[in-house]
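See structure below.
The values are calculated or read from the model by the stated rules, or taken from the named source; none is laboratory data. What you see is a predicted model; the values in this text were computed from it and never measured. Here the Cβ positions follow ideal geometry from the backbone for every residue, glycine too, while neighbour counts run over all protein chains shown.
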Ligand SMILES: [Zn+2]
């Protein structure tokens, strides 16, 4: 038992959060560092320079994931922490960046306090977590965990026409480390909650034990365009009406199913989209989430049945494309319990919880025991320049990460 307790330097962490946030900051205060753009490169180069200053050995793999290695007394699989530093176009200061820069601050605290861990500690920055420019999201960690072939990922084309592999080379982050050569002993990701659960409960800290499964679909309805005044109601094939039916059906379904089930139609476009014309076409997206795979499948099946019925009753053609599908993830119970113990030792109340958002840790969980630590987002706001987490919560979360990593790096744990 050490008779002193290392702790992080919050002023140093906060200054770096601010410096990274100021890279390509927009007029409304948004962080805009879309994956593999010049702004993302500037953010990466800045953080890599800080990682070098902290004495980390930098390795970049073939999908552009950046790893900073701090040697331990022993070789072998490292304890890893990390997150992402790409953002959406209207990003806040903390989504992703907090997990990376708090991990870096943990490394500096270990340096300052002269702590040499037994296992190595690695700080990871995963490419293209947000998936705005290149799909799918969480791509760097997915490829890292063997869930998507490297060649397939490098060939992904953005809507702006850019090829991912070309962009990676252009910004100087196409590394040479082979995928699969680094396999962590354990992985812990620290992140802001991006939801209202902790803030609503006035809770300061979450040990994330599972993560919702996600089903994204794009539904295209083809009906018949016609005069809104002269076409009798029983002779219509109204794509707009069908889109509205689907929207209310899903809302009611999620409420009826209860539990963790949520359903959202977040995008809906009609054509020709005119006041006096029955819509010929409607395109909408569906986002279904649940922590239980069988419930998520039940929701998907109920939607499929509803679409079949709608197709025949309204005389429209309905196509359904899968945009993303991830099963729910259960994190490693030993690590979750360790996080709780660390919080208890530091006399910080903590609650077990579910993540409503996707995170890199869910991909790493395929190849390594993994878990997450959450700190509150005020009012649950994220992907928005007004995203905010109180300084005391940021500091607290980083200290919990510090002691969790130290414990995991001891082979007796
Ligand atoms: Zn994030």
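Scanning the range 188-202 for residues that are more than 13 Å from residue 382 (Cα to Cα) and within 15 Å of the ligand (Cβ to nearest atom) turns up 188, 189, 190. Can we say residue 303 is modelled with pLDDT of 95 or more and touching a strand residue (DSSP E or B) at 6+ places or on another chain (Cβ under 6 Å)? Judged against the criteria, residue 303 is not a match.
If the condition is being touching a helix residue (DSSP H, G or I) at 6+ places or on another chain (Cβ under 9 Å), at pLDDT 95 or above and surrounded by fewer than 18 Cβ atoms within 10 Å (Cβ to Cβ), then the range 315-331 contributes 317, 320. Is one or more of the residues making up the range 264-276 in contact with a strand residue (DSSP E or B) (Cβ under 6 Å, 6 or more places away or on another chain), buried (at least 16 other Cβ atoms within 10 Å of the Cβ) and under 16 Å from residue 215 (Cα atoms)? Yes - at least one qualifying residue is present in the range 264-276. The requirement of being out of contact with any helix residue (DSSP H, G or I) (no Cβ under 9 Å at 6 or more places or on another chain) and in a strand (DSSP E or B) is not satisfied by residue 282.
Is it true that residue 214 is part of a helix (DSSP H, G or I), within 33 Å of the chain's Cα centre (by Cα) and buried (at least 18 other Cβ atoms within 10 Å of the Cβ)? So residue 214 does not fit the description; no.
Table: residues versus (1) in contact (Cβ under 8 Å) with a residue 12 or more places away in the chain; (2) more than 22 Å from residue 251 (Cα to Cα); (3) touching a strand residue (DSSP E or B) at 6+ places or on another chain (Cβ under 9 Å).
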{"position": "307", "(1), (2), (3)": "yes, no, yes"}
{"position": "335", "(1), (2), (3)": "yes, yes, yes"}
{"position": "354", "(1), (2), (3)": "yes, no, yes"}
{"position": "378", "(1), (2), (3)": "yes, yes, no"}
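Could we say that residue 377 is modelled with pLDDT under 95 and touching a helix residue (DSSP H, G or I) at 6+ places or on another chain (Cβ under 8 Å) here? No, not satisfied.
Between 288, 402, the distinction of being within 27 Å of residue 12 (Cβ to Cβ), in contact with a helix residue (DSSP H, G or I) (Cβ under 6 Å, 6 or more places away or on another chain) and either within 16 Å of the ligand (Cβ to nearest atom) or at pLDDT 95 or above (or both) belongs to 402 only.
When each of 229, 195 is tested for being within 30 Å of residue 314 (Cβ to Cβ), touching a residue at least 40 places away in the same chain (Cβ under 8 Å) and part of a loop (DSSP other than H, G, I, E, B), the lone residue that passes is 229. The set of residues in the range 81-99 that are on the phi > 0 side of the Ramachandran plot and more than 10 Å from the ligand (Cβ to nearest atom) contains only 82. Here is a check on your reading of the model: is residue 102 more than 14 Å from the ligand (Cβ to nearest atom) and under 17 Å from residue 194 (Cβ atoms)? No, not satisfied.
Restricting attention to the range 111-132 and to residues that are at pLDDT 95 or above and within 16 Å of the ligand (Cβ to nearest atom), the residue that is farthest from the chain's Cα centre (by Cα) turns out to be 123. Of all residues in the range 358-380, those being under 19 Å from residue 98 (Cα atoms) and surrounded by fewer than 18 Cβ atoms within 10 Å (Cβ to Cβ) number 3.
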